[in-house]
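All remarks here apply to the structure that follows.
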Amino acid sequence: MKRLFLLLLAGIAVSACSPGESVSQSTPSPASPTPLPSLPPPPTPLASPSPASPVSQTYRDPKGQFEISFPRGYTHKGTGTGVAFVSADQGFAGAVDYGSAEGSQLTSEQLETALKTEYQTRLQEVTWQATKVQPDGSVRIDWVGKDNNNNTLDAVSIVEQRGNTIYVLNLLGVNQPYQNYNQDAEAIVNSYRIQPGSPASPAPNASPASPQSSLQSPASQNSQDSQN
């Protein structure tokens, strides 16, 4: 399989970067027996967020790749390959990032492996909690960890391929429990539209596309699964 490399998400550190700094790019990770795409790492909160718009909190990708909305008070910033966002109290953050699949069609298992490999490389520590293929073919991965700025992350990542493009949505409680922001997370994910206006394409070996499921906290989701 041809090795793929997506642009690195603008992970804007709390103390090291300012909103005006440029986006850096990822470098290829060491070759492996089964080459997989290098996916963007989880973001850290925006530093010194500017006041959010009091009316519109919808971000539309300039290239038409996706759109997403945020609750009032959130700050967001385009990165060139997506958008990074953070709550007013900086306790909840996230990002959307995308890049070319360069003609390869990855399975759900390959997408999961690629994301986990990248995060294990770039985070101080990470513990995987659960993985579940969603009805629309995307792969939800629940995890907790610590980034290189010593922030504790309680997170959900969603990775999927649509046509020749791979998308990653990260939602993170930053030094806060994810469940404290369940309502915000559900509002954000319910507004998330990939290639708006185009028919959805299910991932390999997935069921036909359907509305995105609710993004409850990892703890709440695991509790529901155990009852089913």
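The values are calculated or read from the model by the stated rules, or taken from the named source; none is laboratory data. The shown structure was predicted, so the numbers you read here are calculated from the model rather than taken from an experiment. Note that we place each Cβ from the backbone using ideal geometry, even for glycine, and neighbour counts take in every protein chain shown.
Given the criterion in contact (Cβ under 8 Å) with a residue 12 or more places away in the chain, farther than 26 Å from Q179 by Cα and assigned to a loop (DSSP other than H, G, I, E, B), identify the matching residue among G64, G99. Please lay out each step first, then the result.
On the way: G99 fails: assigned to a loop (DSSP other than H, G, I, E, B).
Residue meeting the stated conditions: G64.
If E109 passes every condition in (1) surrounded by 13 or more Cβ atoms within 10 Å (Cβ to Cβ); (2) modelled with pLDDT under 50 but one, which one does it miss?
(2)
Take F85 and tell me if it is in contact with a helix residue (DSSP H, G or I) (Cβ under 7 Å, 6 or more places away or on another chain) and within 20 Å of N148 (Cα to Cα). Give the derivation first.
Values: in contact with a helix residue (DSSP H, G or I) (Cβ under 7 Å, 6 or more places away or on another chain): no; within 20 Å of N148 (Cα to Cα): yes.
Criteria not met by F85.
Among the residues of the range 169-178, is there at least one that is crowded, with 16+ Cβ neighbours inside 10 Å, part of a helix (DSSP H, G or I), modelled with pLDDT of 95 or more and touching a strand residue (DSSP E or B) at 6+ places or on another chain (Cβ under 7 Å)?
Yes, there is a match, as at least one residue in the range 169-178 is crowded, with 16+ Cβ neighbours inside 10 Å, part of a helix (DSSP H, G or I), modelled with pLDDT of 95 or more and touching a strand residue (DSSP E or B) at 6+ places or on another chain (Cβ under 7 Å).
Among the residues of the range 99-114, is any within 14 Å of L171 (Cα to Cα) and in contact with a Leu (Cβ under 7 Å, 6 or more places away or on another chain)?
The initial filter retains those residues of the range 99-114 that are within 14 Å of L171 (Cα to Cα), namely none.
For the range 99-114, residues within 14 Å of L171 (Cα to Cα) and in contact with a Leu (Cβ under 7 Å, 6 or more places away or on another chain): absent.
Checking V83 against (1) assigned to a strand (DSSP E or B); (2) in contact (Cβ under 8 Å) with a residue 60 or more places away in the chain: exactly one of these is not met. Which one?
Of everything listed in (1) assigned to a strand (DSSP E or B); (2) in contact (Cβ under 8 Å) with a residue 60 or more places away in the chain, V83 misses just condition (2).
Among what's in the range 112-131 and is free of Cβ contacts under 8 Å to residues at least 60 places away in the same chain and farther than 12 Å from V159 by Cβ, pick the residue that is surrounded by the most Cβ atoms within 10 Å (Cβ to Cβ).
First, the residues of the range 112-131 that are free of Cβ contacts under 8 Å to residues at least 60 places away in the same chain: 112, 116, 120, 124-128, 131.
Those left that are additionally farther than 12 Å from V159 by Cβ: 120, 124-128.
On the way: Q120: 12, Q124: 13, E125: 11, V126: 18, T127: 9, W128: 14.
Across the range 112-131, the extreme among qualifying residues is V126.
Taking the criterion of being of a type in the set (F, W, Y), outside any loop (DSSP other than H, G, I, E, B), under 24 Å from S191 (Cβ atoms) and in contact with a Lys or Arg (Cβ under 8 Å, 6 or more places away or on another chain), would at least one residue in the range 122-134 satisfy it? Show your work before the answer.
Kept after step one, since they are of a type in the set (F, W, Y), are these residues of the range 122-134: 128.
Still in the list and also outside any loop (DSSP other than H, G, I, E, B): 128.
In the following step, the residues that additionally are under 24 Å from S191 (Cβ atoms) were identified as none.
No, the conditions are met nowhere in the range 122-134.
Any idea which of (1) within 26 Å of G73 (Cα to Cα); (2) in contact with a helix residue (DSSP H, G or I) (Cβ under 7 Å, 6 or more places away or on another chain); (3) modelled with pLDDT under 95; (4) surrounded by fewer than 23 Cβ atoms within 10 Å (Cβ to Cβ) is the one N205 doesn't satisfy?
(1)
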